[in-house]
Amino acid sequence: MFNPSQSDVRRFFCAVYAKWLIRDAMDGIETIAALWIAEHPEYHADLDDADAAVAHDYTVDAGRTNPFLHLSMHLSISEQCSIDQPRGIQAAVESLTTKLDSLHDAHHVAMEALGEMMWQSQRSGKPPDGEAYIESIKKAAS
């Protein structure tokens, strides 16, 4: 299983941003990442300097969202939907997208559910509950 470090993730998004700026060719995952980067101009300054991004400490105490965590969650949800894993995620996100009339907004709701699932898993020491995750998104869509 691919297990990138924090530095790897930050350098990946910075490299994608650099490619996006000059309209360089990208592979599939880079293309998806670039679409989410384009949706978040507030993060472009963070993506402009990979060394600074790697060195920066994005703590909750600083009062702002970690752009790399946020973009990673968008990318994770996109990947989950592309393979419908956990089963039902694609339909749940599509239904929420229709309700909210925005894939971006649907992803933000799904991010909350994803974060909750991961927090519950860490707290309980049990595997992530994909069914609860999907149900949370379905509930938001209804």
Contour minus Cα-Cα span, Ser142 to Asp8, at 0.36 nm per residue, comes to 44.5 nm
If I model a spin label as a point 7 Å beyond the Cα along the Cα-Cβ vector, how far apart are those points for Asp61 and Leu35 in nm? 3.8
Taking the chain and counting helices only, DSSP H stretches of n ≥ 4 at -39,500 (n - 2.57) each over all residues, the nearest-500 ellipticity at 222 nm comes to -22500 deg cm²/dmol
How about Lys99: which lysines have a C-alpha closer than 19 Å to its C-alpha, ignoring those fewer than 8 places off in the same chain? Lys138, Lys139
Sequence ranges 61-68, 74-81, ranked by mean other-Cβ count within 10 angstrom, highest first: 74-81, 61-68
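Just the number please: accessible area per residue for the chain, 1.4 Å probe, all protein chains included, in Å².
62
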If I model a spin label as a point 7 Å beyond the Cα along the Cα-Cβ vector, how far apart are those points for Ala132 and Asp101 in nm? 3.4
Straight-line reach check, Lys19, cutoff 12 Å on alpha carbons, 8 or more apart in-chain or any other chain, hits among aspartates and glutamates -> Asp27, Glu30, Asp48
Using the Kirkwood formula on alpha carbons, the hydrodynamic radius of the range 88-142 in angstrom works out to 11.1
Within the accessible area of the range 20-142, what % is carbon and sulfur when the probe is 1.4 Å and the other protein chains stay in place? 53
Once the Cα gyration tensor of the range 1-137 is found, what semi-axes does its equivalent ellipsoid get, as square roots of 5 times the eigenvalues, in whole Å, sorted largest first? 25, 19, 14
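The values are calculated or read from the model by the stated rules, or taken from the named source; none is laboratory data. Quick caveat, the model's predicted, so the values are computed rather than measured. Heads up, the Cβs are rebuilt from the backbone with ideal geometry, glycines too, and the neighbour counts pull from every protein chain shown. What goes into the accessible areas is simple: the full protein's heavy atoms, side chains included, and nothing from ligands, DNA or RNA. Shrake-Rupley method; radii C 1.70, N 1.55, O 1.52, S 1.80 Å.
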